[in-house]
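Here is the structure we will look at, set down as structure tokens.
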């Protein structure tokens, strides 16, 4: 059976995923003041970070339209899946569901399913890879849905922010708190909730201590490392990402682990120097 996975652009595709021909990106849009950016292969992270740093305003994003999703779903594949940014953080999931409904008005027998990642970035990437694994095992459509939803239930996302400006600009952190945190070099360790929202797990003074606390939490959570693939994305800090990767390999020896650069939407959330890990 042939399959297609549409992942919104908050999820980064690995080179292997791009080469497989089974994955497609549904691009979100980013606006920094009056400058519009398409989150696709043309995204320039350095230019984006420069614009964000220079702006007093928080960057804004808009999700793919239902029609864009409908067009992506309208293909010759036997099974079509979409993986979106958490529905608690974006309208991408709802837009994809509307796109699926539009297609089913024309093709009521189309096998399409939308996964709410309840995560972001490489959380979506790992879900896409889990779909591919199930398809390559030849599993029926409904069983793939059940297995992938169970995988999403088991997944957790962590991130550590070097730069708190985005949180300050979007109102999640007051100007005073942001100033104090920056002055004291306090770095929050954030996690996803089971519902797909963002919560603070911990904090530490200095980036290295915050990363250690994040890794400690990951090690505590991963109970079957020989069955677990871990993904890391970073915003303009490859050495930091490599350090986290090597530490996790040394401490728990996971089944697999890979590192990617953040794409546009993930760069907007992580900001310069941010690290995201999903297991």
**Request:** Answer yes or no: is there a residue in region 165-183 that is in a strand (DSSP E or B) and at pLDDT below 95.
**Result:** no
**Residue count, region 191-221 (criterion: surrounded by fewer than 18 Cβ atoms within 10 Å (Cβ to Cβ), touching a strand residue (DSSP E or B) at 6+ places or on another chain (Cβ under 9 Å) and in a loop (DSSP other than H, G, I, E, B))** = 2
**Prompt:** For residue 207, are the conditions met, namely being at pLDDT 95 or above and outside the structural domain of residue 123 (by TED's automatic domain parsing)?
**Reply:** no
**Asked** Restricting attention to region 26-36, does a residue exist that is closer than 22 Å to residue 120 by Cα, surrounded by fewer than 21 Cβ atoms within 10 Å (Cβ to Cβ) and modelled with pLDDT under 95?
**Response** no
**Message:** Given (1) under 20 Å from the mean Cα position of the chain (by Cα); (2) within 19 Å of residue 124 (Cα to Cα); (3) free of Cβ contacts under 8 Å to residues at least 60 places away in the same chain, identify the lone condition not met by residue 43.
**Reply:** (3)
**Prompt:** Is it the case that residue 98 is under 13 Å from the mean Cα position of the chain (by Cα), surrounded by fewer than 23 Cβ atoms within 10 Å (Cβ to Cβ) and assigned by TED's automatic domain parsing to the domain that holds residue 134?
**Reply:** no
**Prompt:** Name the residues in region 19-48 that are in contact with a helix residue (DSSP H, G or I) (Cβ under 7 Å, 6 or more places away or on another chain) and not in a loop (DSSP other than H, G, I, E, B), would you?
**Reply:** 23, 24, 26, 30, 32, 35, 37, 45, 48
**Prompt:** If residue 237 passes every condition in (1) crowded, with 18+ Cβ neighbours inside 10 Å; (2) out of contact with any helix residue (DSSP H, G or I) (no Cβ under 8 Å at 6 or more places or on another chain); (3) farther than 26 Å from residue 29 by Cβ but one, which one does it miss?
**Reply:** (3)
**Message:** Give me the residue from region 249-265 that is touching a helix residue (DSSP H, G or I) at 6+ places or on another chain (Cβ under 8 Å) and in a helix (DSSP H, G or I) and, out of that set, surrounded by the fewest Cβ atoms within 10 Å (Cβ to Cβ).
**Reply:** 251
**Prompt:** Quick one: in region 61-95, which of the residues that are out of contact with any helix residue (DSSP H, G or I) (no Cβ under 9 Å at 6 or more places or on another chain) and free of Cβ contacts under 8 Å to residues at least 40 places away in the same chain is surrounded by the fewest Cβ atoms within 10 Å (Cβ to Cβ)?
**Reply:** 62
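The values are calculated or read from the model by the stated rules, or taken from the named source; none is laboratory data. Bear in mind the structure is a predicted one, so any value in this text is a computation, not a measurement. Note that we place each Cβ from the backbone using ideal geometry, even for glycine, and neighbour counts take in every protein chain shown.
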